[in-house]
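I have placed the structure first, in the form of structure tokens, so that the comments after it can refer back to it.
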Amino acid sequence: MTTTPQNEEEFKKKLKPEQYKVLRQKGTEAPFSGKLAQPGKDGFYKCAACGNQLFKDDAKFDSGTGWPSFDQALPGAVEEVADTSHGMRRTEVACAVCRSHLGHVFNDGPTKTGKRYCMNSVCFEDLDSRGK
């Protein structure tokens, strides 16, 4: 099990610079620039900062936006927070364990949930480290 960093210095040591910028400073990777994780059989997408399981791969879909998209998060895995930055009203998605920024959720998803969790691919652990 991954240990959650306790302070920003520990996050800086654990994360790559781009991950730190997105996860801890609420940045965004450019569309189509990230290592877009592909769905795998019976796998989970985990927070790169703390290892918390966030999404099951069968919730992933191709939104065509350039970021990984999911129609639902695992129960209790994420927090949704009002975000009025950049002159817009959006809903930020953060890891419920370490409070790291993951992306935003929109109510324009194509599945029956109507949700599109638009996540930054750098927020996920490498595919090789995903567990069941």
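So which pairs qualify, if the first residue must be in segment 1-28 and in a loop (DSSP other than H, G, I, E, B), the second must be of a type in the set (Val, Ile, Thr) and at pLDDT 95 or above, the Cβ gap must be under 7 Å, and the two must be at least 6 apart or on different chains?
Close Cβ pairs (under 7 Å, with a partner that is of a type in the set (Val, Ile, Thr) and at pLDDT 95 or above) amount to THR4/VAL97; THR28/VAL22.
Results for (1) closer than 16 Å to TYR117 by Cα; (2) among the acidic types (Asp, Glu); (3) in contact with an Asp or Glu (Cβ under 9 Å, 6 or more places away or on another chain), shown as yes or no for each residue.
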residue: GLU18; (1), (2), (3): no, yes, yes
residue: LEU23; (1), (2), (3): yes, no, no
residue: GLY43; (1), (2), (3): no, no, yes
residue: ARG89; (1), (2), (3): yes, no, yes
residue: GLU92; (1), (2), (3): yes, yes, yes
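Hey, VAL22 hits all of (1) within 14 Å of the chain's Cα centre (by Cα); (2) surrounded by fewer than 17 Cβ atoms within 10 Å (Cβ to Cβ); (3) modelled with pLDDT of 95 or more but one; which does it fall short on?
Of the numbered conditions (1) within 14 Å of the chain's Cα centre (by Cα); (2) surrounded by fewer than 17 Cβ atoms within 10 Å (Cβ to Cβ); (3) modelled with pLDDT of 95 or more, the odd one out for VAL22 is (2).
Mind listing whichever residues of segment 62-107 are free of Cβ contacts under 8 Å to residues at least 24 places away in the same chain and assigned to a loop (DSSP other than H, G, I, E, B)?
Correct list: ASP62, GLY64, PRO75, GLY76, THR84, MET88, ARG89, ARG99, ASN107.
Check segment 1-18 and report whether any residue there is modelled with pLDDT under 90, surrounded by fewer than 11 Cβ atoms within 10 Å (Cβ to Cβ) and either of a type in the set (A, V, I, L, M) or within 17 Å of PHE124 (Cβ to Cβ) (or both).
Yes, the conditions are met somewhere in segment 1-18.
Residues in segment 64-100 that are surrounded by 14 or more Cβ atoms within 10 Å (Cβ to Cβ) and within 18 Å of PHE44 (Cα to Cα): how many?
Count: 18.
Taking the options GLY114, GLY51, GLY103, GLY76, name whichever one is on the phi > 0 side of the Ramachandran plot and under 10 Å from the mean Cα position of the chain (by Cα).
Criteria check complete, one pass: GLY103.
For segment 56-73, what are the residues that are modelled with pLDDT of 95 or more and over 14 Å from the mean Cα position of the chain (by Cα)?
Listed by number, the list is empty, since nothing qualifies.
The values are calculated or read from the model by the stated rules, or taken from the named source; none is laboratory data. Note that the structure is predicted; figures quoted are calculated from it, not measured. Cβ sites come from the backbone with ideal geometry, for glycine too, and all protein chains shown count toward neighbours.
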